[in-house]
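Written out below as structure tokens is the structure these notes cover.
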Amino acid sequence: MESQLGADLTITNARIFDGRTSDLIDGSIVIRGGVVESVGGMTQAGPTLDARGKAVLPGLIDAHFHAYAVSLAGLANESGPLSYSALAGAHRLKSALRRGFTTVRDVAGGDIGLSNAIAQGLLPAPRYYFTGPALSQTGGHGDPRTADIDTCFSHGHMCAIVDGVDNLRKAVRERFRTGSHAIKIMTSGGVVSLTDPIRLPQYSAEEIQAVTDEASRRGSYVAAHAYSPEAIRHSVLNGVRSIEHGNLLDEDTAQLMAEHESFLVPTLAAYDAMNRRGELLNLSSISQKKNSEVLEAGQTAIQIAHAAGVKVGFGSDLMGELEDDQLCGVRLQIEASGVLETLRAMTTVNSELLQNNQIGRLSPGSVGDVLILDGNPFEDEAVLWDEARPRTVVQNGSVVHDGFQ
């Protein structure tokens, strides 16, 4: 998935983080036709942007984003007009881009229409990867009904209820037919869902295997919403590549993840935001109680994962009005794993997860997506997450946001 043709640009006097090491490179970045031609050299293409006194990073990647999460209430997200969700999603995507996230992976939502609009330049947005509606068992995390509601629900904008091996195979094939990058399934209870205990595994082994088999034959992978060690093991042993959240991870399960080369995508911003702002935004009391179960454990899970050698990415998972806390997640992940590992999470680790080595790094051949900050994050980490600090965002060699003017 690539966007429209790019532009020429030369960024001079830069202190460059290439996506890998804390040893910053001094020099210029030359972008030609939206692609990085050289890093640190003296050639030039197009207009010049002076980055003296600033740090230059690859565009950031949010691997757990929800364009259509317009509310903290599940039924509102699923059953409202799709036209409204798409327009609200366009606003959420534009805001993420201005913060420096030049790529997002929409896990649980998105569709070919929104993707095509972004690719055609109809709205300012990050590079957009989507899974389509996540797959959930009846009564699972993707089922938005309360226990006392007697109504049918089969699918919505973010989730679909699909039970049984044959039905799951068909649903996966349909998602790939309509442009999905990967498949999202729910394999444990969740915070926003109202009838499922958080720790219990969801879907049978045979059902998960059917999904992962279809995805692997397509050259893709499966991401699973999972909190507890029981649910994570159930997912990984049946072929899941990407564990979303993982707050209750323990050391033995982290070791299993490392052995299977599974990724962890933590979403610390979501729990912190729901804890601080959920009650004011009418988050249900059930969800508030569930959130308290996983809130404090998220940072510890990241540390456990790193110690076991698990590849740790970055995601936000913010719903409704909480979407403006995206950079808060950066601060929280730095508290758990430091600046370098958090930067790697938002760049090279997430690019590997998305199976695209042209994003999340600054090297010849990578895409011309750049974030320019007003200081060195290894000396002043707040430049990464303080939204009051100016930042410039370049996408495909074009300046899409200039906070220094």
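Residues in the range 360-384 that are of a type outside the set (Gly, Ala, Ser), surrounded by fewer than 24 Cβ atoms within 10 Å (Cβ to Cβ) and within 12 Å of Thr348 (Cβ to Cβ): 1 in all.
Please go through (1) more than 23 Å from His181 (Cβ to Cβ); (2) in contact with a Ser or Thr (Cβ under 9 Å, 6 or more places away or on another chain); (3) not charged (D, E, K, R) for Asn357 and return the number of the only condition it doesn't satisfy. Of the numbered conditions (1) more than 23 Å from His181 (Cβ to Cβ); (2) in contact with a Ser or Thr (Cβ under 9 Å, 6 or more places away or on another chain); (3) not charged (D, E, K, R), the odd one out for Asn357 is (1).
Taking every residue in the range 379-404 that is under 22 Å from Val339 (Cα atoms) and without any contact (Cβ under 8 Å) to a residue 24 or more places away in the chain and pairing it with any residue that is among the charged types (D, E, K, R) and crowded, with 16+ Cβ neighbours inside 10 Å, at least 6 positions away or on another chain, the pairs with Cβ-Cβ distances below 6 Å are Arg389/Asp374; Pro390/Asp374. Identification of helices (runs of 4 or more DSSP H) wholly contained in the range 313-405 with 3 or more residues that are out of contact with any strand residue (DSSP E or B) (no Cβ under 9 Å at 6 or more places or on another chain) yields 326-344.
Which residues, counting only those in the range 94-121, are of a type in the set (Gly, Ala, Ser) and under 21 Å from Cys328 (Cβ atoms)?
Initial filter on the range 94-121 (of a type in the set (Gly, Ala, Ser)): 95-96, 100, 108-110, 113, 115, 117, 119, 121.
Answer for the range 94-121, where residues must be of a type in the set (Gly, Ala, Ser) and under 21 Å from Cys328 (Cβ atoms): Ser95, Ala96, Gly100, Ala108.
The residue that is nearest to the chain's Cα centre (by Cα), among those in the range 229-245 that are among the small types (Gly, Ala, Ser) and either buried (at least 24 other Cβ atoms within 10 Å of the Cβ) or not assigned by TED's automatic domain parsing to the domain that holds Thr267 (or both), is Ser242.
Pairs meeting the criteria (first residue in the range 234-246 and in contact (Cβ under 8 Å) with a residue 24 or more places away in the chain and β-branched (Val, Ile, Thr), second residue crowded, with 22+ Cβ neighbours inside 10 Å and assigned to a loop (DSSP other than H, G, I, E, B), beta carbons under 6 Å, at least 6 apart or on different chains) are Val236/Ser262. Taking (1) touching a Phe, Trp or Tyr at 6+ places or on another chain (Cβ under 9 Å); (2) touching a residue at least 24 places away in the same chain (Cβ under 8 Å) in turn, Tyr271 satisfies each apart from (1).
One residue alone among His64, His141 is over 17 Å from Leu354 (Cα atoms), out of contact with any helix residue (DSSP H, G or I) (no Cβ under 7 Å at 6 or more places or on another chain) and not aromatic (Phe, Trp, Tyr), and that residue is His141. Among residues of the range 200-226 being touching a residue at least 40 places away in the same chain (Cβ under 8 Å) and small (Gly, Ala, Ser), the one that is farthest from Glu261 (Cα to Cα) is Ala210. Scanning the range 209-225 for residues that are in contact with a strand residue (DSSP E or B) (Cβ under 7 Å, 6 or more places away or on another chain) and farther than 20 Å from Glu352 by Cβ turns up Val211, His225. Counting only helices (runs of 4 or more DSSP H) wholly contained in the range 44-123, the ones carrying 3 or more residues that are surrounded by fewer than 16 Cβ atoms within 10 Å (Cβ to Cβ) and in the same structural domain as Gly139 (by TED's automatic domain parsing) occupy 82-99, 112-119. Only a single criterion out of (1) in a loop (DSSP other than H, G, I, E, B); (2) farther than 29 Å from Asn116 by Cβ is not satisfied by Asp252, namely (1).
The values are calculated or read from the model by the stated rules, or taken from the named source; none is laboratory data. If you're wondering where the values come from, they're calculated on a predicted model, not measured in any experiment. Quick reminder, even Gly has a Cβ in these numbers, built from the backbone with ideal geometry, and neighbours come from all protein chains shown.
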